[in-house]
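Contents: one structure, followed by commentary.
The values are calculated or read from the model by the stated rules, or taken from the named source; none is laboratory data. Just so it is clear, the structure is predicted and the values come from calculations on it, not from any experiment. All Cβ positions, glycine included, derive from the backbone under ideal geometry; neighbour counts span all protein chains shown.
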Amino acid sequence: MISCQYATLLDAGYAMPDFGLRIYHYFNMNDISSRWLVRLKEDFRFPPPLYRWRMRSRIYRWYSQLQALENKANREEVAANLDEYLTELDGIEKSVYSISVPPAYTEELYHLRSHIEMLRNNLLRAGGKHMVFPDTRPTLSGDPE
């Protein structure tokens with residue numbers, strides 16, 4: 001059976017390539033396509049770790065700011081600068097509440113939020129004030145619930 005391309009060439013008056021040439025082109029194209037398949041397979045192994053890193057980096061980048069704030073509070077007098085520390089922590093918390101991650105990464109996001117709350121309570125305790133628990137704090141927008 002002759003393919004449509006060869007039939008068109010024969011109708012146009014071109015000679016049909018010999019059997020060896022047709023076989024050579026088939027195996028050559030088969031080799032090229034198998035190389036592409038291997039290459040695609042290797043490329044598809046890379047995105048899942050890259051995606052995981054991107055999602056976690058959205059969360060973990062805030063830990064450096066929390067750690068810097070905690071280190072600054074440990075070096076200085078907390079009671080004198082408590083309002084400044086709490087304002088900075090509120091800014092971090094507002095930014096963290098606007099992070100959007102897929103459901104698979106919400107546990108890590110909730111861990112970050114609990115660490116923010118833990119740092120707030122540590123600052124309040126070191127500053128000599130009472131602890132504020134999450135259910136009694138006002139909402140981030142300032143509107144009562």
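One table, with the values for the structure above:
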item: Meets criteria (among the acidic types (Asp, Glu) and in contact with a helix residue (DSSP H, G or I) (Cβ under 9 Å, 6 or more places away or on another chain)) for Glu88; result: yes
item: All positions within the stretch 74-93 that are out of contact with any Lys or Arg (no Cβ under 8 Å at 6 or more places or on another chain) and either within 19 Å of Arg113 (Cα to Cα) or of a type in the set (D, E, K, R) (or both); result: Arg75, Glu76, Glu77, Asp83, Glu84, Thr87, Glu88, Asp90, Gly91, Ile92
item: Test: residue in the stretch 54-65 that is loosely packed, with under 10 Cβ neighbours inside 10 Å and either in contact with a strand residue (DSSP E or B) (Cβ under 7 Å, 6 or more places away or on another chain) or modelled with pLDDT under 90 (or both); result: no
item: Number of the exception - Arg61 against (1) free of Cβ contacts under 8 Å to residues at least 12 places away in the same chain; (2) more than 23 Å from the chain's Cα centre (by Cα); result: (2)
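This table checks each residue for (1) in a helix (DSSP H, G or I); (2) farther than 19 Å from Arg61 by Cβ; (3) in contact with a helix residue (DSSP H, G or I) (Cβ under 9 Å, 6 or more places away or on another chain); (4) modelled with pLDDT of 90 or more.
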site: Ile92; (1), (2), (3), (4): yes, no, yes, yes
site: Glu107; (1), (2), (3), (4): yes, no, no, yes
site: His111; (1), (2), (3), (4): yes, no, yes, yes
site: Glu117; (1), (2), (3), (4): yes, no, yes, yes
site: Asn121; (1), (2), (3), (4): yes, yes, no, yes
site: His130; (1), (2), (3), (4): no, yes, yes, no
site: Asp135; (1), (2), (3), (4): yes, yes, no, no
site: Ser141; (1), (2), (3), (4): no, yes, no, no
